[in-house]
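I'd like to ask you about the structure that follows.
The values are calculated or read from the model by the stated rules, or taken from the named source; none is laboratory data. Every value quoted in this text rests on a predicted model; they were computed, and no experiment measured them. Neighbour counts are summed over all protein chains in view; Cβ atoms, including those assigned to glycine, are modelled from backbone coordinates with ideal geometry.
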Amino acid sequence: MSNLRFEKSKFGKFWSGKGFYIALAVCMVAVGGAAWSAFGGGDSSLMESQVDDYSSQVVVDWGESQAVDNPASDIPIVVSDPGDLEPEESEPESSTTAVQAPAEPEETSQAPAANQDDGKQAAVMYPAGQNVMKEFSGDELVYSQTLKDWRVHDGVDFEVEKGTAVKAMTNGTVTDVREDPMWGTVVEIDHGDGIVAAYCGLAKNVAVKKGDAVTTSQQLGAVGEIPCEIAEASHLHLKVTKDDQVIDPVTLLQ
């Protein structure tokens, strides 16, 4: 009887000391087994549907995005509003316009007008060669080999062979064709601007008549003889007046 009491007292001491923890461990194992059977060992589709239902009910409000210190270069920064992005400034396309240099005007040989705006007659050519045998003397007296006296020389003598063509020095109108006892056959042309030229010493058969309009270099006739200068070499005597005043013809032939 005493021995039985002793054993009971030992079991009671053990149960009261470690028995509680053993019972707690057994309960936890039982609960874990039940959970496994419900989730792990049960229908997986049921578990997945429950997870989907849970995730669909979760709403995350991210709010306004904040600047993130992101040292990794390969991780993009998310911006909630695309309008916050400032467009990159692009350089304007340069429009290249081909500028062609202005074409230089072609040089054309054009004869000067017969009459200039400044009133000066512009002769375009010498009427018969350019070899001046006797110059215009103006008021100065010069000796005449034919008349054997001293007198003014009111024109210019161009030395040329007899029969050489005589041409109009510029445009004009024939005002007279006559035979002069001193100057031979004379063709007189009004070249405009008050300028009148007398081509003296022509052969009798001239190529123009009074009233004809002539152009620059048009042939008037040929060199003949000049009675008052017959002692000198063959030549054309050209006399020019401007506004009825005798002038040096060479001033028009420049």
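Being hydrophobic (A, V, I, L, M, F, W, C), at pLDDT 50 or above and touching an Asp or Glu at 6+ places or on another chain (Cβ under 9 Å) is the requirement here; does VAL160 meet it?
Considered against the rule, which asks whether it is hydrophobic (A, V, I, L, M, F, W, C), at pLDDT 50 or above and touching an Asp or Glu at 6+ places or on another chain (Cβ under 9 Å), VAL160 comes out as no.
Then there's this: Please count how many residues of the range 131-161 are free of Cβ contacts under 8 Å to residues at least 40 places away in the same chain, within 18 Å of ALA198 (Cβ to Cβ) and within 57 Å of the chain's Cα centre (by Cα).
Going through the range 131-161 one residue at a time, the tally reaches 1.
Taking into account only those residues within the range 145-161 that are assigned to a strand (DSSP E or B) and not charged (D, E, K, R), which is farthest from GLY221 (Cα to Cα)?
So the residue we want is TRP150.
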